[in-house]
């Protein structure tokens, strides 16, 4: 029998860092033998206990894997969905190792999604502290104005009370709509949609075209590729893991 603290175990599984594991536990996403975990200091028997995160069994990592997926619209950014909706797992057929999404991309949004079993890297890339750049293209209702661009640049109060902001460029005016390019460094929940709606232009279509400098490179929706060595090294340097 081998006993280990749950936060260290989840880190070894590549799901998140030890600090990130505490957050998952507080959100009620971790179970041991199908019992929801409430104590951050709980101990796992690695020989006999079954640990799950969001309903998916967690096992220690044998090899670190880094994948970029062109997430299709109407696909959940989770490994398991209780309502049986399509998830990103169904896009990763042929991949021998289990990987986990870095952050979230809305169900109806498409584009760049990084997945990995490198828990420390995933935690830092998703944390607002590290100011990781995310670039989106959006189609919104109505004709976006320079005043709206400035409002979003200065910052707008979001649903959770935080202030969201972005750099916005107007790409064009197809029909009675506007194509936008938005650059964010925090990426709060539904931030692009909230910002655009709060200035009177609800989002009709949304695609993330770049995450932490990583682009799709001709990947079609539903396709994935493994990152190159230089891309992996650059991500580690970006968040101070060198």
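Which semi-axis lengths, in whole Å and largest first, follow from the square roots of five times the eigenvalues of the Cα gyration tensor of the chain?
Details: eigenvalues 234, 72, 57 Å².
Equivalent ellipsoid semi-axes, largest first: 34, 19, 17 Å.
Over 10 Å intervals from 0, what percent of Cα-Cα pairs in the stretch 133-211 sits in each interval?
21, 59, 19, 1
With the cut-off at 1.5 for a/c, could you classify the stretch 89-180 from its C-alpha gyration tensor as rounded, prolate or oblate?
Note, shape of the stretch 89-180 comes out oblate.
If each DSSP helix of 4+ residues adds -39,500 (n - 2.57) and the sum is divided by the residues in the chain, what number results at 222 nm, nearest 500 deg cm²/dmol?
-6000 deg cm²/dmol
In what order do 62, 231 fall by count of nearby beta-carbon atoms within 10 Å, going from fewest to most? All intermediate terms of the calculation are to be shown ahead of the outcome.
Working: 62 10, 231 17.
With the sparsest Cβ surroundings first, the list reads 62, 231.
Would you please classify the overall shape of the stretch 3-57 from the alpha carbon gyration tensor, given that a ≥ b ≥ c denote the square roots of the eigenvalues, rounded means a/c under 1.5, and beyond that prolate means a/b larger than b/c while oblate covers the rest?
Since a/c stays below 1.5, the shape of the stretch 3-57 is classed as rounded.
Given a cut-off of under 8 Å on Cα pairs at least six residues apart, what relative contact order in percent is computed for the stretch 3-57?
Numbers: 75 pairs, mean separation 20.4, N = 55.
Over the stretch 3-57, the number comes to 37 percent.
No lab work stands behind these numbers, since they all come straight from the coordinates. All figures in this text were calculated on a predicted structure; none of them were measured in a lab. We place every Cβ from the backbone using ideal geometry, glycine too, and count neighbours over all the protein chains shown.
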